[in-house]
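Here, each number is a calculation from the coordinates, and none is a lab measurement. Treat the numbers as computed from the prediction; the structure is a model and nothing was measured. Glycine also receives a Cβ, built like all others from the backbone with ideal geometry; neighbour counts cover every protein chain displayed.
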Amino acid sequence: MKLVKTKDGSYTAFSEIAGEHYHTISGAIEEAFEKHVNALGIENGMHILDFCFGLGYNSIAACKDHDNLQIIGLENDLKIIEAMKDIEILDILKIKFDAFRDIAENLDVTDNNNNRIQILLGDALQKIDELSNEIFDRVFFDPFSPKKQPEMWSEEIFQKIYNKMKIGAKLSTYSCAKQIRKNMISVGFKVMDGPVIGRKSPATIAVKE
Ligand SMILES: C[S@@+](CC[C@H](N)C(=O)[O-])C[C@H]1O[C@@H](n2cnc3c(N)ncnc32)[C@H](O)[C@@H]1O
């Protein structure tokens, strides 16, 4: 697993298979907070789906300053979850991250604020079918890019995720590609620009109205 320092001082990984970094190199932890957690707004007690959990930055950033979150993380690579054990973390997230460092051991950890993260290990395209309907308030949608993993960004997957979100629930993702937004809209999402972080184009927020 090759780790790379990003411009905010936090580390990301590089996938040889996808040929992509796991986060923007402008700042991995900044991306977790700005494109996902702060862009969606998190409230205590929410149910969150972390679609492509990786190093868990999005989920753990959500747990910082919140209580009673119920988070399901989908991830197919145990090695990246194991990398959480020793990765160096910026002070802003370190205390919270330490609570979840050993999550690779049994894939289910609850912190002192009763925030629970459960990982479903396996192909997210299949694991999504194991989840009940209409339970999620927020979704962090974070696969590799549509160019590298077009199957993850299909209308069919967005439909499955949409069906598992409550009315008023929101999804965040870094891509603003036209075809991706079209797929989101065609299953019923309202689509808006997310923040512009680390590049010229905006992220995307999708809302189930
Ligand atoms: C862009 S990275 C996500 C970064 C992550 N959100 C984080 O904060 O570290 C994409 C992740 O999707 C995972 N992944 C790729 N294909 C998958 C699949 N079919 N099912 C589940 N996870 C997958 C990769 O192992 C990788 O951890």
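Quick one: which residues, 5 or more positions from LEU69 or on another chain, have an amide H under 5 Å from its amide H? H modelled 1.01 Å from N in the peptide plane, none for Pro or chain starts.
Close amide H contacts, sequence-distant or interchain: GLY45, ASN115, ARG116.
Between ASP123 and ILE17, take the C-beta separation as r, use R0 = 22 Å, and let me know the FRET efficiency to the nearest 0.05.
Working: r = 14 Å, r/R0 = 0.64.
Once the sixth-power term is evaluated, E becomes 0.95.
What residues have an amide H closer than 5 Å to that of ALA203, excluding those fewer than 5 places away on the same chain, when H is modeled at 1.01 Å from N in the peptide plane?
GLY194, VAL196, ILE197
Rounded, prolate or oblate for segment 141-209? Axes are the square roots of the Cα gyration tensor eigenvalues, ordered a ≥ b ≥ c, and the cut-off for rounded is a/c under 1.5. Please report the intermediate quantities before stating the final value.
Working: a/c = 1.90, a/b = 1.23, b/c = 1.54.
Judged from the Cα gyration tensor, segment 141-209 comes out oblate (a/c at least 1.5, b/c at or above a/b).
Quote to one decimal, in nm, the extra length available between ASN106 and ILE92 on full extension: 0.36 nm per residue of separation minus the C-alpha distance between them.
Details: separation 14, 0.36 × 14 = 5.04 nm, distance 2.57 nm.
Full-extension gain reported as 2.5 nm.
Report, in listed order, any pair from LYS5/LYS148; LYS164/LYS190; LYS178/LYS200; LYS170/LYS208 with a Cα-Cα distance greater than 18 Å. Before the final figure, lay out the partial values.
Numbers: LYS5/LYS148 22 Å; LYS164/LYS190 16 Å; LYS178/LYS200 15 Å; LYS170/LYS208 6 Å.
With Cα atoms farther than 18 Å apart: LYS5/LYS148.
Which order, highest average first, do 23-31, 181-189, 193-201 follow once you tally other Cβ atoms within 10 Å for each residue and take the mean per peptide? All intermediate terms of the calculation are to be shown ahead of the outcome.
Details: 23-31: 21.3, 181-189: 17.1, 193-201: 14.3.
Order by mean packing, descending: 23-31, 181-189, 193-201.
So, by mean Cβ neighbours within 10 angstrom, what's the order for 132-143, 81-92 with the highest one leading?
On the way: 132-143: 19.6, 81-92: 15.1.
Taking the mean over residues of other Cβ atoms within 10 Å, the ranking is 132-143, 81-92.
Which percent, to the nearest 5, of DSSP beta bridges fully inside the chain are antiparallel? Mind dumping the intermediate values first?
Working: 17 of 36 bridges.
Of the beta bridges lying entirely in the chain, close to 45 percent run antiparallel.
What helices does the chain hold that run 20 Å or longer along their axis, going by alpha-carbon atoms, with a Kyte-Doolittle average of -0.5 or more, using DSSP H for the helix calls? Don't jump to the answer; show the numbers that get you there.
On the way: long enough: none.
Span-like helices here: none at all.
Going by the alpha-carbon gyration tensor, a ≥ b ≥ c the square roots of its eigenvalues, is the chain rounded (a/c under 1.5) or, if a/c is not under 1.5, prolate (a/b greater than b/c) versus oblate? All intermediate terms of the calculation are to be shown ahead of the outcome.
On the way: a/c = 1.40, a/b = 1.19, b/c = 1.18.
In terms of gyration-tensor shape, rounded.
Quick check: from the Cα gyration tensor, does segment 57-167 come out rounded (a/c under 1.5), prolate or oblate? The partial results should precede the final answer.
Values: a/c = 1.91, a/b = 1.43, b/c = 1.33.
Prolate.
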